[in-house]
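Working notes, structure below.
Please treat every number below as a calculation from the coordinates, not as lab data. Source: prediction; values computed, not measured. Glycine gets a Cβ as well: all are built from the backbone with ideal geometry, and neighbour counts include every protein chain shown.
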Amino acid sequence: MSAEAETPPPEPVFGAPWHAQVFALTVHLHTRGAFSWTDWAQMLGAVLAEHGLNKELDGGDDYFLAWVSALEQICARQGLADAATLQTLKAQWAAAYRDTPHGAPVHL
């Protein structure tokens, strides 16, 4: 065995898989021309300020829940999806999540 200390593995960039997924979706929509990065930054900043009024955001789930809210709002504003459609999809995903056995993939 080597006397050298092993380097610990790097910390994950995202705290949860869904954080990475919503980040990737946002970048994908931007690169497809759905919205400018300036518009995205302004929307995210406004939502973060709104969410941060009640508590300090820690960069975890609450940060990415604000991110999802901003993404929903910019998609609605750009005409990519209306608020009612997004609400319906959220309800369908919530029901699918509740009805899926633990450890099984969730399907809509």
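For this structure, a couple of remarks:
- Per the listing LEU80, LEU71, LEU86, the residue uniquely touching an Asp or Glu at 6+ places or on another chain (Cβ under 6 Å) and closer than 22 Å to ARG32 by Cβ is LEU86.
- Entry remark, region 88-105: residues being within 17 Å of VAL22 (Cα to Cα) and surrounded by 12 or more Cβ atoms within 10 Å (Cβ to Cβ) number 3 in total.
- Positions within region 60-81 being of a type in the set (Gly, Ala, Ser) and surrounded by 16 or more Cβ atoms within 10 Å (Cβ to Cβ), in sequence order: ALA66, SER69, ALA70
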